[in-house]
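Reviewing the structure listed below.
The values are calculated or read from the model by the stated rules, or taken from the named source; none is laboratory data. Just so you know, these numbers come straight off a predicted model, no measurement behind them. A quick note on method: Cβ atoms are made from the backbone with ideal geometry, for glycine too, and the neighbour counts reach across all protein chains shown.
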Amino acid sequence: MVAWSASVMFYLPLQDASGMFAYLFGTRRGGTTATVKDERLLSCYVFAQVEDFMNYLASNRPPDVTPEQDNVVVVKHKKVVAVKHDENPMYFGKKAVDSCMVRMVSGLSLVMLFFLVALLTQPSSVFIRFPQRFQSVPTIEVHSAEDLLSQLKANNLWEVEPFSEVPAVLVSKFPVDMPSLDAASQKKAFLHVLLPAAMIALSEVEEERSAFEKILEKFASPPKRLNFGLNAQDYTRLAGLTQNEVFYLQNLCRKYRAYEVADLRRRISPVPVSLIMAQGALESSWGGSRFSLERNNLFGVLTWDKSGRVADGREDGKAYSGAAYASLLDSVRSYILMINRVPAYKELRHKREETMDSLVLANGLHQYSNRGTDYVADLTQLIKSNDLQVYDQCVLAGKGGAFGNRVRLASLENIR
């Protein structure tokens with residue numbers, strides 16, 4: 001079968017075949033990047049050549065073989081050389097071959113060739129997945145409030161000191177009896193469940209920012225705006241980027257809804273852990289709200305139903321529901337993305353260029369609630385009274401997973 005596939009491939013004219021493989025493999029080793037359209041045209045060309053070769057096998061007859069000889073048994077030195085029982089025999093050169101075998105091998109060869117071409121053309125059309133999801137982080141399932149406290153203590157998450165290492169351990173969701181804990185225990189449990197989830201989500205943002213900056217370094221002169229109106233191949237040749245890097249930039253622009261480089265830098269940035277904790281505590285009643293317990297919704301995020309169907313409530317004539325998330329980590333990811341791209345928090349993003357002080361940044365959240373400045377006052381008071389800013393200096397300690405050994409959120413340092 002392998003030999004037959006090789007014969008199919010090398011039936012191509014030598015010059016065309018060598019050019020084809022040089023084109024394919026050259027694009028994978030730093031040569032001119034082929035577009036998806038070019039690769040599809042190349043695939044069609046290869047299949048056309050294969051079809052011509054199959055027609056050649058099926059119709060080619062040697063001149064010295066007549067139709068009357070098709071069913072004749074050829075005997076040399078009392079040995080049967082070839083027997084043809086088919087009404088329409090096939091020949092490979094001057095040698096008669098079994099037509100059923102030819103059809104079977106031809107079909108298998110086409111299947112193998114299809115997978116070969118698909119394998120060679122796939123890399124240039126694959127989008128980079130982002131943000132990177134840390135699937136190897138241990139996740140705890142708890143069944144009661146007491147079980148939650150026990151698990152936090154067993155995983156060194158109950159006592160967390162300033163500048164201490166925080167284990168990268170996640171709790172999938174809060175137990176339904178979370179409100180049954182006394183106030184002090186409920187607050188502490190909520191904060192220490194949220195802490196590793198917040199740090200993991202922020203680490204993902206920092207990795208996106210690092211990859212973004214590395215790609216920008218490849219430009220001869222830093223662009224002010226990422227213009228994707230050009231053909232991807234032209235853009236690659238202009239900036240010296242790989243096609244996957246172009247796709248990565250396109251995805252970031254779509255995700256953060258911005259194309260100006262300065263605006264993207266403002267948006268692909270972390271949020272102070274203390275601010276995440278304060279808003280989570282205020283919006284979820286320290287993890288005891290219905291949205292928090294039933295939908296992992298820690299930040300009071302709502303979705304609006306324009307059809308008018310009554311869901312969880314109505315506001316300004318529109319029905320709304322609390323957003324649902326698969327895990328607490330997904331809720332934190334969604335919150336950070338919302339802060340980083342929604343126009344209502346533009347003021348916060350501009351303040352963040354000067355400082356990462358959560359007490360200052362809280363002033364940029366007056367549109368988060370219809371309570372306005374009163375909501376901001378509650379946030380700042382909550383941060384101060386619970387001394388939440390001590391968590392901004394913690395270190396995320398990996399457990400042999402995607403984090404390596406230790407991760408400190410360097411961009412959370414207060415910069416002026």
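Computed quantities for the displayed model
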item: Scope the range 325-348; condition free of Cβ contacts under 8 Å to residues at least 24 places away in the same chain and buried (at least 18 other Cβ atoms within 10 Å of the Cβ); matching residues; result: TYR345, LEU348
item: Failed criterion for PHE219 (all others in (1) assigned to a helix (DSSP H, G or I); (2) free of Cβ contacts under 8 Å to residues at least 40 places away in the same chain; (3) among the aromatic types (Phe, Trp, Tyr) hold); result: (1)
item: Candidates ALA220, ALA183, ALA189, ALA211 - the one that is out of contact with any Cys (no Cβ under 9 Å at 6 or more places or on another chain) and either buried (at least 20 other Cβ atoms within 10 Å of the Cβ) or among the polar types (S, T, N, Q) (or both); result: ALA189
item: Residues satisfying the stated conditions in the range 164-178, i.e. buried (at least 16 other Cβ atoms within 10 Å of the Cβ) and over 31 Å from the mean Cα position of the chain (by Cα); result: MET178
item: Single residue of the range 356-374 satisfying the filter (without any contact (Cβ under 8 Å) to a residue 12 or more places away in the chain and outside any loop (DSSP other than H, G, I, E, B)) that is farthest from ILE268 (Cα to Cα); result: ASP374
item: Subset of the range 111-159 [assigned to a loop (DSSP other than H, G, I, E, B), at pLDDT below 70 and buried (at least 16 other Cβ atoms within 10 Å of the Cβ)]; result: PRO131, PHE134
item: All positions within the range 321-365 that are of a type in the set (S, T, N, Q) and under 25 Å from GLY287 (Cβ atoms); result: SER321, SER327, SER331, SER334, ASN340, SER358
item: Filtered residues of the range 253-300 (kept if within 28 Å of the chain's Cα centre (by Cα), under 24 Å from ASP357 (Cα atoms) and part of a loop (DSSP other than H, G, I, E, B)); result: ILE268, SER269, PRO270, VAL271, PRO272, LEU298, PHE299, GLY300
item: Single residue of the range 226-250 satisfying the filter (assigned to a loop (DSSP other than H, G, I, E, B) and exposed (fewer than 13 other Cβ atoms within 10 Å of the Cβ)) that is modelled with the lowest pLDDT; result: ASN231
item: Long-range neighbours under 7 Å by Cβ, at least six apart or interchain, first residue touching a residue at least 40 places away in the same chain (Cβ under 8 Å) within the range 278-290, second surrounded by fewer than 18 Cβ atoms within 10 Å (Cβ to Cβ); result: ALA278/LEU382; ALA281/LEU382; LEU282/ASP378; LEU282/LEU382; TRP286/LYS187; GLY288/PRO179
item: The range 366-414, subset among the hydroxyl-bearing types (Ser, Thr, Tyr) and at pLDDT 50 or above, residue surrounded by the most Cβ atoms within 10 Å (Cβ to Cβ); result: TYR391
